[in-house]
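The values are calculated or read from the model by the stated rules, or taken from the named source; none is laboratory data. Computed from a predicted model, the values in this text were never measured in an experiment. Side chains included, ligands, DNA and RNA excluded: accessible areas come from the protein's heavy atoms. Shrake-Rupley method; radii C 1.70, N 1.55, O 1.52, S 1.80 Å.
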Amino acid sequence: MEQRVTDLETKLAFLDDLITSLNDTIYQQDRRIEKLESQLDNLREQLDSVRELLPEDGEEGPPPHY
């Protein structure tokens, strides 16, 4: 009986370490996702700014070789 309790305590300790490790990984991934979303928002804003500078369809003049 004593051995079974010891085995269960050992397994519980390993599971506790695993849960802590998984929690840390999830936290790091969440921070990374937040950073990537912020970068994506910045890129979208830059793209919108560039699009505003481009002529609308049909507004282009003749090519330079004419």
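Here is how the numbers come out for the structure above:
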| quantity | calculated |
| --- | --- |
| Crossing angle, helix 2-53 versus the chain [Cα axis fit, 0-90 degrees, rounded to tens] | 10 degrees |
| Where the chain is the region considered: accessible area per residue in Å², 1.4 Å probe | 103 Å² |
